[in-house]
Each structure stands twice: as structure tokens, then as C-alpha cells.
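Have a look at the structure below before the remarks.
The values are calculated or read from the model by the stated rules, or taken from the named source; none is laboratory data. What you are looking at is a predicted structure, and each value in this text was computed from that prediction instead of being measured. Heads up, the Cβs are rebuilt from the backbone with ideal geometry, glycines too, and the neighbour counts pull from every protein chain shown.
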């Protein structure tokens, strides 16, 4: 914790004076992010850093394995779906990016089984991606981890379209969906193409 407080103090001394006007404008006018990013909770993946975005530019939803659950409005708790609803219906973002990444622990748990300490919530959460796991096993790729990471991005994009207010906006052109994957080993961003393949940005 001490190192984090020290980091905050550096922020106040160096970054805050330079960005004060930006934060004051955001406080005065509210946020109007250009895009919503569904990213993994992995500490090695920072969407703001990857996309070179500053405060107020990205509305970021983070969870294990950057998963979008299917549209299931009920009395249960739906943190990711709540964030999607706010970003799309209230903030009216124009783009949604599902950002996967290399060496994803959630995807590894999906393929190889989760550690016993992660059985209460990680295991049931990763069941959302069961179709991605089945596709990976059926295709028998040379690199199952990377293949499944990309399949999870594709699956999350499919699940986004199960939200009626997302599908409606995509169909009338108000909203665009994008898939991407960041290779943390080499700092390379891969973008999903129209045919579902991934190409270097």
C-alpha cells in the first residue's frame, strides 16, 4: 500500500497540475466516452495505456477473461450487464471493443481446469465460455490457448448481440462492435476482421 500512496503523491505533484483542466471539465460537463471496452481484470492489460486514451475517453468494463454474458434480465446480480446498459443506453457510446489478451488465466482455467481456490466464482463464471472451449477442442489447434482466447472474443461479440438495445443500435448504425486481442509478450494488438480472423493492427 505504501508504494501506491507514493504513486498517488507523484500523481498530485506531476500529473494533476497538467491534467487539472481536463478533470475540471469532466466534473463540470460529465463524461462522454467515445468507446466502451470489455477487458480482462488481468493486471498486465491496461486498455487506457494500450489505446493511448486519457481520462473520460473510455468506459471500461473489466472481469475475468473479458467475457460478455448473454442477456438475462432477472433478480440476480449482473455487474457486466449493468455496465453495458449504462455505457450503451445512458452514455450512448458509439463503439464497443471486446479486448482479449495473451496468456489469459481465465482461459487457461477454462481449458485446463481452475485451481481449487477459484472454484466458488471463477468456475461458474467461465461456464459462459463453454462454447469457446468446445470449439477449441473440436478444432485441435496448434496453440489451443491463443485459439481459445480469440474464440472467447468472438463469443463475447455474439453475446453482445443478444442484448436487444445493442442489436438495435448495431443494425441502425448507431453502434459498432469490434474484437481485439493484446499480446502482452510483444506489445502487439490484433484486430478481428470481418471474416473472424485476427490481423495485426
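Odds and ends about this structure:
- Matching residues, the range 59-104, being more than 21 Å from residue 180 (Cβ to Cβ), in contact with a strand residue (DSSP E or B) (Cβ under 9 Å, 6 or more places away or on another chain) and surrounded by 13 or more Cβ atoms within 10 Å (Cβ to Cβ): 86
- Check on residue 56, surrounded by 14 or more Cβ atoms within 10 Å (Cβ to Cβ) and outside any loop (DSSP other than H, G, I, E, B): no
- Filtering the range 59-70 to residues that are outside any loop (DSSP other than H, G, I, E, B), in contact with a helix residue (DSSP H, G or I) (Cβ under 6 Å, 6 or more places away or on another chain) and under 23 Å from residue 167 (Cα atoms) leaves 59, 60, 61, 63, 65.
- With respect to (1) farther than 18 Å from residue 38 by Cα; (2) part of a helix (DSSP H, G or I), the lone exception for residue 173 is condition (2).
- Against the criterion of being farther than 30 Å from residue 174 by Cβ and either assigned by TED's automatic domain parsing to the domain that holds residue 185 or part of a helix (DSSP H, G or I) (or both), residue 141 qualifies.
- Leading residue by the ranking (nearest to residue 190 (Cα to Cα)) among those in the range 85-111 that are touching a helix residue (DSSP H, G or I) at 6+ places or on another chain (Cβ under 7 Å) and assigned to a helix (DSSP H, G or I): 107
- Which numbered condition residue 4 fails, given (1) free of Cβ contacts under 8 Å to residues at least 40 places away in the same chain; (2) in a helix (DSSP H, G or I); (3) surrounded by 10 or more Cβ atoms within 10 Å (Cβ to Cβ); (4) under 25 Å from the mean Cα position of the chain (by Cα): (3)
- Screening residue 114 against (1) surrounded by 23 or more Cβ atoms within 10 Å (Cβ to Cβ); (2) free of Cβ contacts under 8 Å to residues at least 40 places away in the same chain; (3) not in a helix (DSSP H, G or I) leaves a single unmet condition, (1).
- Boolean, residue 189 is more than 17 Å from residue 41 (Cα to Cα) and part of a helix (DSSP H, G or I): no
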